[in-house]
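What follows is a set of notes on a single structure, which appears directly below.
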Amino acid sequence: MQNNSISFTSKIRFVDRHIYKIMDKKNFIDFIHSKPNILKADEFYSEEIRTCTGGGLVNPYKEAEGFHFWDDYTNKKNFPHLVNSLFRFVKNPERGLLIGSKELEIFPYSVEQFNRFKKVFLERVKNVTIFQQHTFPYAETHYHYSLADDTWTLCSHYRNEKDLNYKTIKTLDALKKCFKNISIAEGDRLFIGKKEILPSDAPEIFK
């Protein structure tokens, strides 16, 4: 029997700081408890994801939401509420993206929080792209999502403790060094700058 259903793909594009900075962006998502940290919109962005967990849920070209959750005890305690809120805004997402966390003693909830969201996403969303755990102690990621062209634009920059100059992900090797675990969902397309990274280029990260 022929399957006539259409499966959309999301584009994931890493850019340098200059490109990200000059982009037109609207609908900022913050991680502070007093401000909305979940937003359903046609476009949204968040910045400085370090030990936090960020990302979004998408039905391509129909609806999308983004989020940015601080890795603190309050969000640990309220985890079921956060999950219910996410899946109330976009009830049956086809695709999702998760990014963030670090292994640092002074942030004990970071990796735990990310793993809890990862488990829920993999159980409830068919296609999830994951950029898990910044490996550099000084690293952060900004993201922007546009529903109009179903594109995630990411900017990750990082440095070692002894290096005062930040670097931006501009190559596949740099991408693989910057995260402990990368999993590109089936159908998603990965770009670094203008270059598309094909499954044949890095089969270990394409699932």
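Putting +1 on Lys and Arg Cβ atoms and -1 on Asp and Glu Cβ atoms, find which of LEU98, ASN59, HIS18 reaches farthest to the positive end of the dipole of segment 1-122.
With unit charges placed on the Cβ atoms, the residue in question is ASN59.
Taking a temperature of 10 °C and a viscosity of 1.306 mPa s, what whole-number D in µm²/s does Stokes-Einstein yield for segment 11-70 with Rh from Kirkwood over alpha carbon pairs?
Rounded, D is 128 µm²/s.
Can you order the peptides 116-124, 75-83 by their average number of other Cβ atoms within 10 Å per residue, highest first?
With the highest mean Cβ count within 10 Å placed first, the list reads 116-124, 75-83.
Among DSSP beta bridges whose residues both lie in the chain, state the antiparallel percentage, nearest 5.
Taking every DSSP beta bridge within the chain, about 70 percent pair in antiparallel fashion.
Could you tell me what percent of the accessible area of the chain is made up of carbon and sulfur, with a 1.4 Å probe and every protein chain present?
50
Provide the packing ranking of 35-43, 141-149, 60-68, i.e. peptides ordered by the mean count of other C-beta atoms within 10 Å per residue, highest first.
Answer by packing, highest mean first, reads 60-68, 141-149, 35-43.
Can you compute the label reach from ARG17? Point 7 Å from Cα along the Cβ direction, backbone N cut-off under 13 Å, restricted to segment 132-154.
Only 139-142 pass the distance filter.
Can you pull the Rg over Rh of segment 153-207, Cα-only, Kirkwood? Before the final figure, lay out each step's value.
Details: Rg = 12.3 Å, Rh = 12.3 Å.
Rg divided by Rh gives 1.00.
Treat every Asp and Glu Cβ in the chain as -1 and every Lys and Arg Cβ as +1, leave all other atoms uncharged, and give the resulting dipole magnitude about the Cα centre to the nearest 20 debye.
Magnitude of the dipole: close to 100 debye.
When the Kirkwood hydrodynamic radius is evaluated over all pairs of different C-alpha atoms of segment 75-137, what value in angstrom, to one decimal, is obtained?
About 12.5 Å, per the Kirkwood formula over Cα pairs.
At 0.692 mPa s and 37 °C, plugging the Kirkwood radius over alpha-carbon pairs of the chain into Stokes-Einstein gives what diffusion coefficient in µm²/s?
Estimated diffusion coefficient is 191 µm²/s.
List the lysines whose Cα sits under 28 Å from the Cα of LYS162, skipping any in the same chain fewer than 8 residues away.
Correct list for LYS162: LYS21, LYS102, LYS170, LYS176, LYS177, LYS180.
Can you give the log10 of the normalised intensity I(q)/I(0) at q = 0.10, 0.16, 0.20, 0.22 Å⁻¹, computed with Debye over equal Cα scatterers of segment 77-180?
-0.34, -0.83, -1.17, -1.29
Leaving out ligands and nucleic acids, note down the accessible area per residue over the chain with a 1.4 angstrom probe, in whole Å².
Here the per-residue accessible area is 53 Å².
Dividing the convex hull volume of the alpha carbon atoms of segment 1-108 by its residue count, what do you get in Å³ per residue?
Once divided by residue count, the hull of segment 1-108 is 154 Å³.
Please work out how much length the chain gains when fully extended from ASN27 to LEU172, using 0.36 nm per residue of separation minus the C-alpha to C-alpha distance, in nm with one decimal.
49.2 nm
Each label point is 7 Å from the Cα along the Cα-to-Cβ direction; what then is the distance between the points at GLU196 and ASN78, in nm?
Going from the GLU196 label point to the ASN78 one covers 4.1 nm.
To the nearest 20 debye, what charge dipole does segment 142-207 have about its Cα centre, counting +1 at the Cβ of each Lys and Arg and -1 at the Cβ of each Asp and Glu? Mind showing how you got there, number by number?
Values: 11 positive and 10 negative charges, 72 e Å.
The dipole of segment 142-207 has a size of about 340 debye.
The values are calculated or read from the model by the stated rules, or taken from the named source; none is laboratory data. Computed from a predicted structure; not experimentally measured. Reconstructed Cβ throughout: ideal geometry from the backbone, glycine too, with neighbour counts over all protein chains shown. With ligands, DNA and RNA removed, areas are computed over all heavy atoms of the protein, side chains included. Shrake-Rupley method; radii C 1.70, N 1.55, O 1.52, S 1.80 Å.
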